[in-house]
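First up is the structure itself, then whatever we jot down about it.
The values are calculated or read from the model by the stated rules, or taken from the named source; none is laboratory data. Just so it is clear, the structure is predicted and the values come from calculations on it, not from any experiment. All Cβ positions, glycine included, derive from the backbone under ideal geometry; neighbour counts span all protein chains shown. Each accessible area value is taken on the protein alone, full model and side chains, heavy atoms only, with ligands, DNA and RNA left out. Shrake-Rupley method; radii C 1.70, N 1.55, O 1.52, S 1.80 Å.
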Amino acid sequence: MRINCPYCGARGLEEFTYRGDATVKRPESIEESARDAWVDYVYLRDNPAGLHKELWHHGAGCHSWLEVTRNTVTHEITAVELAAKGR
Amino acid sequence: MPILSIRKEGGSVSNLESTSALHGFATPGRYGKRDGEAGVTASERKNLGLATVVARKGQEAALKTAIQGAYGADLPDGSRSAVGKGVRFIGIGPGQWFAVSESLANEALADELATKLQGIASVADHSSGRAVMRIEGPAARDVLAKGLMIDLDPRVFVDGAAATSTLSHMGVLLWRDGNAYDVALFRSVGGSFWGWLRDSGAAFGLEFVTTS
Ligand SMILES: [Zn+2]
């Protein structure tokens with residue numbers, strides 16, 4: 001598998017580290033009432049068959065965090081963006 | 001122990017001779033295939049000024065203007081180099097560059113950059129942490145291909161092109177300078193790099209020379 005890093009170009013999988021679901025959002029609240037949201041955020045993940053947005057770190061290259069859209073069934077990668085986009 | 005300078009309260013004593021990153025591992029001479037011209041020649045570019053330049057938040061445009069003004073180089077938005085007055089700037093990541101200089105030797109480059117870029121970039125001296133090996137000759141690409149997973153075809157990896165990647169599992173920054181390839185590696189893997197180079201270059205004939 002190759003990932004087309006927006007900065008470095010196409011590189012082999014061994015240059016990257018998988019860093020999980022890119023869609024989870026850290027809850028704003030740290031109150032007891034937000035417990036369920038925190039359990040969701042820390043532990044619970046969907047396991048979709050199909051398109052998945054995920055984070056990859058280009059540790060052996062430019063050190064960017066990437067948001068990769070990958071089909072979990074075919075491994076086809078349809079989009080790669082810098083996770084820091086717009087910041 | 002590679003000691004380039006001893007810093008003392010604001011000043012620095014930099015007259016100590018720098019030690020080759022391959023000292024104790026490699027001796028100059030011909031390795032591998034003996035007949036004919038050497039397919040690959042390797043040398044260490046010693047006493048280079050090496051530094052990283054990282055734009056402060058929101059200061060990338062100001063940094064580019066400052067570098068253009070001071071060195072006449074356009075900082076590239078990608079892994080390639082821009083050669084300015086006495087300094088080569090290589091893109092190593094978004095908002096980050098690796099600077100290389102012969103004329104501003106050792107820590108002089110980082111000192112100058114830090115002074116000129118105050119408030120708009122963070123500058124770190126890498127001159128005592130990295131060694132730069134120059135690989136050239138007709139078989140240079142064939143040798144590098146044994147360790148790198150980068151397409152070095154000259155139509156793709158043009159003069160000035162650069163890549164941060166791994167060479168035989170060692171993290172390296174590689175750039176092309178004319179027909180030569182420069183490889184910046186951590187000094188601490190100098191021995192491992194030499195072992196890789198000696199064995200990978202043997203089939204083509206490797207000439208290892210040192211520079212002053
Ligand atoms: Zn990258």
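Brief remarks follow.
- Qualifying residue in segment A:55-62 (condition: open to solvent by 30 Å² or more (accessible area, probe 1.4 Å), within 14 Å of chain B (Cβ to nearest Cβ) and within 16 Å of the ligand (Cβ to nearest atom)): yes
- For A:Tyr7, the criteria (1) more than 14 Å from every other protein chain (Cβ to nearest Cβ); (2) more than 14 Å from the chain's Cα centre (by Cα); (3) in contact (Cβ under 8 Å) with a residue 24 or more places away in the chain; (4) open to solvent by less than 70 Å² (accessible area, probe 1.4 Å) hold in every case but one, which is (1).
- Scoring B:Phe193 on the criteria (1) in a helix (DSSP H, G or I); (2) touching a helix residue (DSSP H, G or I) at 6+ places or on another chain (Cβ under 6 Å) leaves a single failure, condition (2).
- The listed residue being open to solvent by 30 Å² or more (accessible area, probe 1.4 Å) and away from every other protein chain (no Cβ under 14 Å), out of A:Arg2, A:Arg35: A:Arg35
- Set B:Leu174, B:Leu167, B:Leu148, B:Leu185: member being within 23 Å of A:Gly59 (Cβ to Cβ), within 14 Å of chain A (Cβ to nearest Cβ) and open to solvent by 10 Å² or more (accessible area, probe 1.4 Å): B:Leu148
Conditions (1) within 16 Å of the chain's Cα centre (by Cα); (2) open to solvent by 10 Å² or more (accessible area, probe 1.4 Å); (3) among the basic types (Lys, Arg), marked per residue:
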{"site": "B:Val123", "(1), (2), (3)": "no, yes, no"}
{"site": "B:Arg130", "(1), (2), (3)": "yes, yes, yes"}
{"site": "B:Arg134", "(1), (2), (3)": "yes, yes, yes"}
{"site": "B:Val143", "(1), (2), (3)": "no, no, no"}
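- Residue match in segment A:74-84 (condition: surrounded by 14 or more Cβ atoms within 10 Å (Cβ to Cβ), away from every other protein chain (no Cβ under 13 Å) and hydroxyl-bearing (Ser, Thr, Tyr)): no
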